1. Determine, for each peptide in 434-444, 148-158, the mean count of other beta carbons within 10 angstrom over its residues, then list the peptides with the highest first.
2. Could you tell me the relative contact order of the range 536-639? Use alpha-carbon pairs under 8 Å, at least six residues apart, and round to a whole percent.
3. If you fit an axis through the alpha-carbon atoms of helix 224-236 and take the longest principal axis of the Cα set of the chain, what angle between them do you get, 0 to 90°, nearest 10?
4. Mind pulling the angle between the C-alpha long axis of helix 68-88 and the longest principal axis of the chain? Nearest 10 degrees, somewhere in 0 to 90.
5. Can you give the FRET efficiency for residue 292 and residue 204, using 1/(1 + (r/R0)^6), R0 = 30 Å, r = Cβ-Cβ distance, to the nearest 0.05?
6. What is the angle, in °, between the Cα long axis of helix 664-680 and the longest principal axis of the Cα atoms in the chain? Nearest 10 is fine, range 0 to 90.
7. For a footprinting-style exposure proxy, rank 554, 331 by other Cβ within 10 Å, fewest first.
8. For the modelled label position 7 Å from the Cα of residue 660 along Cα-to-Cβ, which residues of the range 606-641 have backbone nitrogen atoms closer than 14 Å?
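Nothing in this text is a laboratory measurement; each read-out follows from the coordinates by a stated rule. Fair warning: this is a prediction, and the values are worked out from it, not measured in the lab. Methodologically, a virtual Cβ is constructed for each residue, glycine included, from the backbone with ideal geometry; neighbour enumeration extends over all protein chains shown.
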């Protein structure tokens, strides 16, 4: 402090002491009570600490009339010493302030104001026990004393974070009691109801929390904290519709950026991504520096299939907060899905520089390598992640188990793509040790791996083991039924699934399974009837989309091409980046030689989205073949057979290409391979007309090759 300031403060102090002394000497009648003097400005209390010093002044009723002049004199001195303690930070001034407050109380024991001021001083100087005792004494005399309730509420609230779990629960109860009293005494105070609601939530008393937040909204309907707190509570309870109703009840002209952000989050929970985008855009318009709203906007633009727009938002976030690794991670993910691998890796390196030990960054690097087809580089990254997360005693937290499950599942899938069946199975088997949903996923992936390798008995054996180990898992029951239906027991398997119908919303999955099974068995009326029932029970957009895809697939297999195309285009109207549908529609057109430029465009887009997908590469090669572009056709078909060497359709396509380009011997080899792969497939995966057609082509090729060997044309 400057010297002049100190001198001015000391002079003021001396004048105040003189004035107080003269007032006391000249008092012929009681002076105004301490309330007449302006109380010192309230300052934040110090953090809770261990209680110190002596107990508060006695509160027994005085035998004589209070000396208010003396009380005012000592109160004034106490206030001055308190100010000096604040300025200089010296403990002796605190002690003198306490002594003067006690002297003031001795002169006027009935003053609740002096009790409150002393209690507040105790709290601010860390003498929590004394503060609590002083406030409790006040409440014994006056249970409705607001200042005492406020003080106790603040003290207990600040103590919560510094206590052990058992102590915190008892202090939480005491805190709730104080704020219940405050809410009762000040029913129009929004802050009291809000804080009480948050305390109830902390105590897992959601009904009381809801009532407190509702009261806050009732007091001030457009208070953003009240409205958003109630909305987030409904979201946590899984009732997003009520949350939306609460938020939308606020008139648009009264909605703040915070309310629009809460509305965006709530719409996202409902998977209403377009509405979420609109809400977050409003939030950003009102507060362009709100990075959380920008993140919500970017995320929902991704969900709503606008990756380029999302990318622009993430760039803005990264520029505003270059130390945020999540922005670089999200941009890398978008670039990867767009097939732009160099900027994806560049952004991941930026994220790694900020969080060098991040499991998420390393995992995303593995995903980029996988998308590039660099499987030999993917495997070491995933193995290192597994090593880093391994615990010798096998005791993993839920999040640790989830991480290991993700890494193992990806590693097993990569091995499967590399056609290393045994290594793939071993990776998925380790998921079983993680239990619950992880074990279920492990079994599902093992079954898929055996099916991919056309090891049907092993797939069925694992499915049976899975159902025996996890008998309550309906997904595994569906998979086992599908395995049995593909074998020699289709009717029994279908009956088993039908028996799972309960007459409620959960029947949707049952009907979807019945539709899939009947479709593989080519029982089209039954398949269409089942998927129609599934459609009636579908409520979410993605559920309806899948029903339409199933219908389109069924129509295509029955050669109802116009109906199939209608279904596929209906899906693409809402989800233009659906790679599965783009590929299916493009292949369906190319295979029939129709609108080849359009067909090529659909398939090329699918390959851009998933550049290592063997089925999509086959469709691309076939579209090029139909257009007479044999060089590009061969390039794509060769890549496809590298990804899926045991697919008979790809082998057939290569045979046709080699025949067309005058390489008959190669054509015959691939047709033979196609027939071999069909012979290893289950009946549900074989189209007898396709097999007969390839047999004819192979026989014709053999005759021609034999003639060439005899010197004949």
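1. On the way: 434-444: 19.5, 148-158: 22.5.
Per-residue Cβ counts within 10 Å, averaged per peptide and sorted highest first, yield 148-158, 434-444.
2. On the way: 122 pairs, mean separation 18.3, N = 104.
It comes to 18 percent, rounded to a whole number.
3. Helix 224-236 and the main axis of the chain meet at about 40 degrees.
4. Once rounded, one gets 50 degrees.
5. On the way: r = 26 Å, r/R0 = 0.87.
E(calc), rounded to 0.05, equals 0.70.
6. With rounding to tens, the tilt is 60 degrees.
7. Numbers: 554 21, 331 25.
The order, fewest Cβ neighbours first, is 554, 331.
8. Residues 618-638 fall inside that zone.
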